[in-house]
Amino acid sequence: MSERNGYEHGVPCWIDTWQDDLDAAVAYYTGVFGWEADVGEEYTRFRLRGRDVVGAGTPLPPGAAPAWTTYVWVDDADAAAEKVTAAGGSVVREPFDSLDGGRMAIVADPQGAVFAVWQPGEHRGAQVVNEPGAWSMSALITPEPDAAIAFYGAVFGWEPEAFGDVATMLRRPGFVGGEPQQPVPRDTVAVMVRGEAAAWNVDFWVDDVDAAAERAASLGGRVLVPPHDGPVGRNAVLADPAGAVVGVSRVLPPG
């Protein structure tokens, strides 16, 4: 399932970062992850084997800081935005027409974690996932897990399942994603962790976490959390030169 040509309603499908210096972002991310870059004036698509993996845009909205945004595939962006407000969230930017005939809105959950809902056009999301150099999962950091579970359940139909003592899997029943060998159920669409500041973070799989951290530091980034072993593999947290944060992981199969 690492190569995809579309997703389903309620499934995270794309991520991108918005930066003031797009050239610097391209140099950094191609160096860290080995991506090819299809560079445009305002939007760049990064690729593996000629297939889209993530995007980067410029300029940053006024007052915003460089960060990564997670997009959730929806059948109707306007209806999804209405569901967000009905469930206690807010609309940061009203639905608008986007690239390749798509439509989207920028929204926030009741705790303030910002994400996007995206009604696809020609572009159908990340075409490579769950392999080294590609996006694997987005993680919700929230100070109020119970309220977040209620919100995302109402908006997208996600259901929670405890994963150890510190995390909760968010599952979309009926969705078949992931990889057969992964250590969580294949209908898992996101992970939730309790934290002080509400945000959506992103994680990439890599062949070698230590080497990725070294490359990031050599290219002007920072290692926020050094490589370490966790319940499902080896992980680190990196920041690009502008401050946008990503996780990198080498996930081991069960056993």
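Table for the structure above
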quantity: Some residue of segment 111-128 being in contact with an Asp or Glu (Cβ under 8 Å, 6 or more places away or on another chain), more than 26 Å from ALA37 (Cα to Cα), of a type outside the set (A, V, I, L, M, F, W, C) and not assigned by TED's automatic domain parsing to the domain that holds GLY230; calculated: yes
quantity: Qualifying residue in segment 141-150 (condition: in contact with a helix residue (DSSP H, G or I) (Cβ under 7 Å, 6 or more places away or on another chain), among the hydrophobic types (A, V, I, L, M, F, W, C), assigned by TED's automatic domain parsing to the domain that holds ALA199 and modelled with pLDDT of 95 or more); calculated: no
quantity: Filter pass, TYR29 being buried (at least 21 other Cβ atoms within 10 Å of the Cβ), touching a Lys or Arg at 6+ places or on another chain (Cβ under 8 Å) and of a type outside the set (D, E, K, R); calculated: no
quantity: Pair list, Cβ < 6 Å and 6+ apart or interchain, from segment 216-239 residues that are on the phi > 0 side of the Ramachandran plot to residues that are part of a loop (DSSP other than H, G, I, E, B); calculated: GLY220/PRO241; GLY233/LEU252
quantity: Residue match in segment 174-187 (condition: among the polar types (S, T, N, Q), surrounded by 19 or more Cβ atoms within 10 Å (Cβ to Cβ) and touching a helix residue (DSSP H, G or I) at 6+ places or on another chain (Cβ under 8 Å)); calculated: no
quantity: Pair list, Cβ < 9 Å and 6+ apart or interchain, from segment 99-114 residues that are among the basic types (Lys, Arg) to residues that are assigned to a loop (DSSP other than H, G, I, E, B) and buried (at least 16 other Cβ atoms within 10 Å of the Cβ); calculated: ARG103/PRO120
quantity: Lone unmet requirement of (1) touching a helix residue (DSSP H, G or I) at 6+ places or on another chain (Cβ under 9 Å); (2) surrounded by fewer than 15 Cβ atoms within 10 Å (Cβ to Cβ) for THR17; calculated: (2)
quantity: Search result, residues across segment 24-39 that are out of contact with any helix residue (DSSP H, G or I) (no Cβ under 9 Å at 6 or more places or on another chain) and either small (Gly, Ala, Ser) or in contact (Cβ under 8 Å) with a residue 12 or more places away in the chain (or both); calculated: ALA24, ALA25, VAL26, ALA27, TYR29, THR30, GLY34
quantity: Condition check for GLY121: surrounded by 15 or more Cβ atoms within 10 Å (Cβ to Cβ) and assigned to a loop (DSSP other than H, G, I, E, B); calculated: no
quantity: Those strands (runs of 3 or more DSSP E) lying entirely in segment 1-76 with at least 1 residues among the β-branched types (Val, Ile, Thr) and within 16 Å of the chain's Cα centre (by Cα); calculated: 11-18, 51-57, 67-73
quantity: Filter result for ARG49 (of a type outside the set (Val, Ile, Thr), within 27 Å of VAL26 (Cβ to Cβ) and not assigned by TED's automatic domain parsing to the domain that holds ASP16); calculated: no
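Residues checked against (1) over 27 Å from PRO110 (Cα atoms); (2) touching an Asp or Glu at 6+ places or on another chain (Cβ under 6 Å):
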position	(1), (2)
ARG171	no, yes
THR188	no, no
TRP200	no, no
GLY221	yes, yes
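The values are calculated or read from the model by the stated rules, or taken from the named source; none is laboratory data. As the structure is a computational prediction, the values presented were derived from the model and not from experiment. FYI the Cβ positions are ideal-geometry reconstructions off the backbone, even for glycines, and counts take in every protein chain you see.
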